[in-house]
Amino acid sequence: MAGPSLSSLSINPLIIRDAKFKIWKPLLSTALAAAIVVFGSDISAMAELNKFEAETRGEFGIGSAAQFGSADLKKAVHVNENFRRANFTSADMRESDFSGSTFNGAYLEKAVAYRANFTGKFSARRN
């Protein structure tokens, strides 16, 4: 039993069109995305920070986070300061006064803080 002859087969033009579309669709999408990036990149981003964001240290705040890694802060007085997200890795903070200071997100790994004052209020007592 032989199959249908070639002359009896008809090719649906919609199938051919769909096959061509499947080939060109990723290429057109990529070209469109590239055009948007290239021609839309001259638009600068503008945003204003609210008062809480503007006063926050860190990558997107005032400069960058304070860096005190391996610093000698013996008997230093840092009262009511903002040390949010600061880095105190291996810092020597012995007998220092940090009373009233904010340490939210600060990194204090291996810091030596013997007799350091981290209370919420200023302490006038000095040794």
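Counting only residues 5 or more places away or on other chains, whose amide H sits under 5 Å from the amide H of Val77 once H atoms are built in the peptide plane?
Those lying under 5 Å, H to H, from Val77 are Asp97.
In which sequence would Val79, Val37 go, from the one with the fewest C-beta neighbours within 10 Å to the one with the most? Mind dumping the intermediate values first?
Values: Val79 13, Val37 9.
Ascending number of Cβ neighbours within 10 Å: Val37, Val79.
We did not get these values from a lab; they are worked out from the coordinates using the rules stated. These numbers were taken from a predicted model, which means no experiment stands behind them. All Cβ positions, glycine included, derive from the backbone under ideal geometry; neighbour counts span all protein chains shown.
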